[in-house]
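Accompanying notes for the structure given below.
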Amino acid sequence: MIIREWAAMAQACDGEACPRDFRDHGVLDHSTGLRGAHLSRRQTGERMERRLLTHCQSLHTASAAAGRTLLASGAAAVVIDCDATVAHREMIEDVTVT
């Protein structure tokens, strides 16, 4: 399993807008080998950092997803800065507590 990591710094705005865009604009497409994702945020003064971790079946899947836009149409308007590239990391352990 490969983890793709990407971050953006945006103006602080409606706290539900980004998660809603994340769900509504379909960051995930299971047919391409994407298996899940985590979207997190952190308030830093007037700005909001957003970080997207996408779980990919393989490095090939992660590379195939590289051309897909990570900014939903409405989200691009509030982005101040974002990572120009994504980081790929190999997952070595997955622990789930139930």
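Overview of results
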| read-out | value |
| --- | --- |
| Packing-based ranking, highest mean first, of 35-41, 90-96 given that Cβ atoms within 10 Å are counted | 35-41, 90-96 |
| Karplus-derived 3J(HN,Hα), 6.51/-1.76/1.60, for each residue of the range 87-98, Hz, glycine and proline x | 9, 10, 10, 7, 6, 10, 7, 10, 10, 10, 9, 10 |
| Extension reserve of the residue 43-residue 5 stretch, reckoned as 0.36 nm per residue once the Cα distance is removed | 11.8 nm |
| Net charge of neighbours whose Cβ lies under 13 Å from the Cβ of residue 44, counting Lys and Arg as +1 and Asp and Glu as -1 | +2 |
| Full-extension gain in nm, residue 96 to residue 60, via 0.36 nm per residue minus C-alpha separation | 10.4 nm |
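Bear in mind that the values in this text are calculations on the coordinates, not laboratory data. Note that the structure is a prediction, hence the values are computed from the model and not measured. A quick note on method: Cβ atoms are made from the backbone with ideal geometry, for glycine too, and the neighbour counts reach across all protein chains shown.
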